[in-house]
Amino acid sequence: MATMTEMTAPLTAAPFGSLKPGAAMRAMLALARGRGLAPGPRSWVRRRVRHLLPDDELDVEVEGLAFRVSPRDNKDGFDLAAKGRLPEADERAFVLAQLRPGELFVDIGANLGVYAISTAPRAPDGAHVVAFEPHPVSRGRLAYNIAANGVAERVSIEPFAVGAEPSTATLWANASGNQGRASLHAFQGDRSLGYEVDVVRLADRLAAYDAPVGVLKIDIEGYEDRALVPYFAATPAERWPRAIVVETTHASFWQEDLLKALAACGYVTAGENAENAMLILSGAAAAPSFEPR
């Protein structure tokens, strides 16, 4: 089992803006954008440019928000630096459309903070973000990015993985080097590098917050069912979130069909795409400002 030092480099603590990409990095990122290329060749170019990038951390401003990223070791970081836009626009609009004053937005698998940081400054009065992120480097960048955007009072970081029972477990590093795809599920080729993390039950941790959960987003690489099915079993129906964004990319690894389980709880589909499903509890109408593309 690898140690933390063997797995990762330390997070750079320099002030935001001091790590802006230099000329060579800007040229590589411009190449990775692949403007003018068809989707297939553009994806081919991006994959190869990403693996040629140095391990350096970069400061990028995207849609008015500040992010410290490492494009080589985190796909979200690469996308922010290379594409210059926040991913999953429909899903983030859905979160904001459904969140109400005084509620929690629970972000399970917060990674670098794309959802947490884009939601916090635009959320209604009294709303609060609870961000779960067990990966130490991703969590370090998450904390840095929260501070850099001045939203520390509106975001709480939970340094835990979420599962069915309190325990310790191995968080497996992704074989491709994408820290954002670290998972309690070991994908093929991922068993050579991992480390121990604390696993908590979602219902137990959220009990510490004196506020209702309005919206929940979960993206934990094929472990979504182990986290959410026990939560709904342990939580009274009147405290269920009004809306949920759930990643479905790795649904084949679920032990239980999570979408079917949520449908049995009364959730209906408000929008979906190749990566995520957006669900609303029956009787809670979608906000008129949300129109999935």
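The values are calculated or read from the model by the stated rules, or taken from the named source; none is laboratory data. Computed from a predicted model, the values in this text were never measured in an experiment. Here the Cβ is made from the backbone with ideal geometry for all residues, glycine too, and neighbour counts use every protein chain on show. These accessible areas exclude ligands, DNA and RNA; they are computed on the full protein's heavy atoms, side chains included. Shrake-Rupley method; radii C 1.70, N 1.55, O 1.52, S 1.80 Å.
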Exercise. Those residues that are crowded, with 18+ Cβ neighbours inside 10 Å and small (Gly, Ala, Ser), I need them from segment 26-45; list them, please.
Key: 32, 34
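For segment 66-107, what are the residues that are of a type in the set (Val, Ile, Thr) and over 13 Å from residue 142 (Cβ atoms)?
Step one: of segment 66-107, the residues of a type in the set (Val, Ile, Thr) are 69, 95, 106.
Selection gives 95, 106.
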Quiz item: If only one of 68, 139, 72, 92 is modelled with pLDDT under 95 and part of a helix (DSSP H, G or I), which one is it?
Solution: 139
Quiz item: Any chance segment 94-108 includes a residue that's more than 24 Å from residue 135 (Cα to Cα), open to solvent by 20 Å² or more (accessible area, probe 1.4 Å) and of a type in the set (A, V, I, L, M, F, W, C)?
Solution: yes
Quiz prompt | Output for segment 227-255, where each listed residue is open to solvent by less than 10 Å² (accessible area, probe 1.4 Å) and either in contact with a Pro (Cβ under 7 Å, 6 or more places away or on another chain) or aliphatic (A, V, I, L, M) (or both) | solution = 227, 228, 243, 244, 245, 246
Practice problem: Scan segment 46-65 and report the pairs whose first residue is under 16 Å from residue 16 (Cβ atoms) and open to solvent by less than 50 Å² (accessible area, probe 1.4 Å) and whose second residue is among the β-branched types (Val, Ile, Thr) and part of a helix (DSSP H, G or I), with Cβ atoms within less than 8 Å and a gap of 6+ or a chain change. | Solution: 65/117
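With the structure loaded, tell me whether residue 217 is modelled with pLDDT of 95 or more, more than 14 Å from residue 163 (Cα to Cα) and either of a type in the set (A, V, I, L, M, F, W, C) or surrounded by 14 or more Cβ atoms within 10 Å (Cβ to Cβ) (or both) or whether it fails that test. Can you show your working first?
Values: modelled with pLDDT of 95 or more: yes; more than 14 Å from residue 163 (Cα to Cα): yes; either of a type in the set (A, V, I, L, M, F, W, C) or surrounded by 14 or more Cβ atoms within 10 Å (Cβ to Cβ) (or both): yes.
Spelling it out, residue 217 is indeed modelled with pLDDT of 95 or more, more than 14 Å from residue 163 (Cα to Cα) and either of a type in the set (A, V, I, L, M, F, W, C) or surrounded by 14 or more Cβ atoms within 10 Å (Cβ to Cβ) (or both).
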Quiz item: Just to be sure, is residue 224 open to solvent by 10 Å² or more (accessible area, probe 1.4 Å), acidic (Asp, Glu), touching a strand residue (DSSP E or B) at 6+ places or on another chain (Cβ under 7 Å) and under 21 Å from residue 139 (Cβ atoms)?
Solution: no
